[in-house]
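Structure, as structure tokens:
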Amino acid sequence: MANTDNFLDLGEAHPIDVVETLAQSNDWAFDRVTDDQIAMAIEGQWRTYSITLAWSDYDETLRMICTFDMDPPEDRLPTLHAALNDANDKCWAGGFALWRDQKLMVYRYGLLLGGGAIAAPEQVDQMLSAAVAACERFYPAFQMVCWGDNSVEAAMSIAMTGAYGRA
């Protein structure tokens, strides 16, 4: 996503300040909701993802949620839940959940920064990149099981892993 070289002195930087600086350097639309929370939008191939990051002093965790609309038909929920389980088995740094009441698919991740650790720009960039990559990877599969009447196996076969080499 971003070249994070030389973009802020980390000294005592608040984790949300790091995120804000990264958002500014990438020209992402963002809103600093509070001192401890920021919301932004990142454009993907399939859709624009709404991303919120919040800092918790209590457990020293930078929490991220990346969401997109998902309101599957009631009869496809068991198949979608099976696809979610399969997708989460393939995601090592975060996981998906369906927030049915809000009609949202959510990718969640928490960066633990206990003991005075600092959120480096590279860590935040990697966290955001991983979220968007996971959503881009599995979005078509979730669509296929919800509206394409596909099996989980068929839908997940299109959720490719990262490409190797170049064409």
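The values are calculated or read from the model by the stated rules, or taken from the named source; none is laboratory data. As the structure is a prediction and not an experimental result, all values here were calculated from the model. In this analysis, Cβ positions are derived from the backbone assuming ideal geometry, glycine residues included, and neighbour counts consider all displayed protein chains. The accessibility values were calculated without ligands, DNA or RNA, using every heavy atom of the protein model including side chains. Shrake-Rupley method; radii C 1.70, N 1.55, O 1.52, S 1.80 Å.
Spot the failing condition for Ile38; the list is (1) open to solvent by less than 30 Å² (accessible area, probe 1.4 Å); (2) modelled with pLDDT of 95 or more; (3) more than 16 Å from Val19 (Cα to Cα); (4) more than 13 Å from the chain's Cα centre (by Cα), and only one is missed.
The number of the failed condition is (3).
Given (1) crowded, with 16+ Cβ neighbours inside 10 Å; (2) under 24 Å from Ala159 (Cα atoms); (3) not hydrophobic (A, V, I, L, M, F, W, C), identify the lone condition not met by Gln123.
Only one criterion in (1) crowded, with 16+ Cβ neighbours inside 10 Å; (2) under 24 Å from Ala159 (Cα atoms); (3) not hydrophobic (A, V, I, L, M, F, W, C) is unmet by Gln123, namely (2).
Answer yes or no: is there a residue in the range 54-77 that is in a loop (DSSP other than H, G, I, E, B) and touching an Asp or Glu at 6+ places or on another chain (Cβ under 9 Å).
So far as the range 54-77 goes, yes, one or more of its residues are in a loop (DSSP other than H, G, I, E, B) and touching an Asp or Glu at 6+ places or on another chain (Cβ under 9 Å).
Among the residues of the range 87-105, write down those that are assigned to a strand (DSSP E or B) and touching a residue at least 40 places away in the same chain (Cβ under 8 Å).
Hit for the range 87-105 is Phe96, nothing else.
Taking Asp27 as the residue in question, decide whether it is at positive phi and open to solvent by 30 Å² or more (accessible area, probe 1.4 Å).
Yes: the conditions hold for Asp27.
So Leu84 clears everything in (1) free of Cβ contacts under 8 Å to residues at least 60 places away in the same chain; (2) out of contact with any Phe, Trp or Tyr (no Cβ under 6 Å at 6 or more places or on another chain) except one condition, right? Which one?
Answer for Leu84: the failing condition is (2).
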